[in-house]
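First up is the structure itself, then whatever we jot down about it.
Values in this text are rule-based calculations from the coordinates and carry no lab data. If you're wondering where the values come from, they're calculated on a predicted model, not measured in any experiment. With ideal geometry, Cβ positions are generated from the backbone for all residues, glycine too; neighbour counts draw on all protein chains shown.
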Amino acid sequence: MNWVKPARLVATVVLAATAVALPAMDSSARSKKQPVVEAPPPPPPPPPAGAVGLPDRLLGDASAYAAYLQRATATSPSGFTSGAAVSQALKEDAAYDPDALIRGAVAYAAVAALQDPTFVAEIRAAGTSPENRQLMVGYIIRDPAYVFMFKGSAAAAGLAKEALGGAGLRLYSAGKAIKQSAYDVQHQTWSKEDVVDRPGRLAAVKASARGPMPAASEQTDILQRAATGAAPLGISAAPASPPYTPLVARALQLAAIAAMGEATDAAYDRLTYLTSDASTSTCLNMAKLNLYQCLAVSKPHYEDIFCLGQHVMLDTGSCLARNAGMDMPVDAPPPASSPAPKTSVRASRARG
């Protein structure tokens, strides 16, 4: 008997069934999709820098500075037709507090520096995030040299220097004309009359210099547009080479912070650290002291004109121009044929 055949048959059936089942199992396993791991979305870009500009209060300080210089440089000897006219000009032109004038001057010069597009673009390109901009503000405040590492800084410094020193030279030039008129006007009878209430006149001049300088709305509008790049300020200058004076450096530091959009109203108190300069302050305070001493001994009106021309205009203009790094003009002596004034202001003061 052949018992092998049934066993072979059973084995054949089992193998066949297994062969049929295996493809089915394999197909089922392949039909199950593997889970897809999705990459996380990219982080949002950092918020862009704020708009270029200065706080409203600093723009007000700058406008007061611009209005003062415009008014003082417009003073003309032709307006001196009476003692009252001299007293009014003296009170108006001496109406500045040294610290307020410096604050306005630096703010105005910062607006001038913002007129250079390369400087603004380079500063903004470096401030790529809020954290980065805050670090930059710290560097700028601590180290004046930091801002001069950026492309366009020399051109911006030239504009700031002109805004400070050019204005100072114009005031200086106007002062020379006023000082000369103190001699020329002496042929007019009214000029040799004594000032009425001299102590009151001196007190009024001192009072006019106290407190903040009033902002000028028309100047503020001009400076606002200039700071944001909406309109030119109308100042042109060649790039300035180092070394830079502290006054010019302060203006560049403030302009750099403004370019990043970090010169906000909330930062005003911190930014005022950049709007002071010891050397300029000492110079302007000395000019004020000399003015008060001059008026204390001045008697006739033409001597008041001398005090105005010398200590309000010449001295103030010189303080701004020198501390901006400007070369002062060399005053030529008068021609030999020019007659000397009949009464010397200095001699008259000595007699008083």
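The stretch between residue 131 and residue 177 holds 11.2 nm of extra length on full extension. This uses 0.36 nm per residue minus the Cα-Cα distance. Annotation note: GluC sites (Glu not before Pro) in the stretch 158-230 located in DSSP loop regions with a Cβ neighbour count of at most 16 within 10 Å are 193. Our estimate of slack between residue 330 and residue 203, defined as 0.36 nm per intervening residue step minus the Cα-Cα distance, is 42.3 nm. Listed peptides 224-236, 246-258 appear in the order 246-258, 224-236 once ranked by packing, highest mean of other Cβ atoms within 10 Å at the front. Rounded to the nearest 20, the size of the Cβ-charge dipole of the stretch 35-188 about its Cα centre is 340 debye, with Lys and Arg at +1 and Asp and Glu at -1. With a Förster radius of 30 Å applied to the C-beta separation of residue 84 and residue 289, the computed FRET efficiency comes to 0.70.
Under 15 Å of direct C-alpha separation, and excluding same-chain neighbours fewer than eight residues apart, residue 179 reaches these aspartates and glutamates: 93, 303, 304, 315, 331. Compute the label zone of residue 276 within the stretch 225-263: residues whose backbone N is under 19 Å from the point 7 Å along Cα-to-Cβ. Under cut-off, by backbone N: 246-255. Across the stretch 320-329, coupling constants 3J(HN,Hα) worked out from phi with the 6.51/-1.76/1.60 Karplus curve, θ = phi - 60°, read 5, 5, 5, 7, 8, x, 7, 7, 7, x Hz, and Gly and Pro carry x. Using 31 Å as the Cα-Cα cut-off, could you pick out the over-long pairs in 176/206; 151/288; 161/288? Pairs exceeding the cut-off: 151/288.
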